[in-house]
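All remarks here apply to the structure that follows.
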Amino acid sequence: MNDQAVVAFIERKAEIDRMLDALTELSTSHFNVSPDELNWGHVGSLGLMSSKLAEICEFSSVKIPAHVWGSPADYAIEEVAA
């Protein structure tokens, strides 16, 4: 066994755990965006984050159930009659 590799692995895992904790906290707070200030830039930022996380999941062989991704119809906004 390579003791240096074990130590480095544990350090990297701890880094990932801290990042996941921070992302979970940020998500819980709705990415620090209030409904009144939300705009398409925020949507785009979340899209980029989702894409990067999907790459990480794919690299890690994490299987994401299809229902997690949803479809564009799930996000359709109904127009309110004036």
Q.
Restricting to segment 9-39, and then to whatever is of a type in the set (Ser, Thr, Tyr) and part of a loop (DSSP other than H, G, I, E, B), can you tell me which residue is nearest to the chain's Cα centre (by Cα)?
A. SER29
Q. Is there any pair with a first residue in segment 17-35 that is closer than 13 Å to SER45 by Cα and a second that is surrounded by 10 or more Cβ atoms within 10 Å (Cβ to Cβ) whose Cβ atoms are under 6 Å apart and which are 6 or more apart or on different chains, and what are they?
A. VAL33/HIS42
Q. How about segment 42-62: which of its residues are of a type in the set (Ser, Thr, Tyr), assigned to a helix (DSSP H, G or I) and either under 9 Å from the mean Cα position of the chain (by Cα) or on the phi > 0 side of the Ramachandran plot (or both)?
A. SER50, SER51
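Quick note: the coordinates plus some simple rules give every number you see, no bench work behind them. Because the structure is predicted, anything quoted here is derived from the model rather than measured. Glycine also receives a Cβ, built like all others from the backbone with ideal geometry; neighbour counts cover every protein chain displayed.
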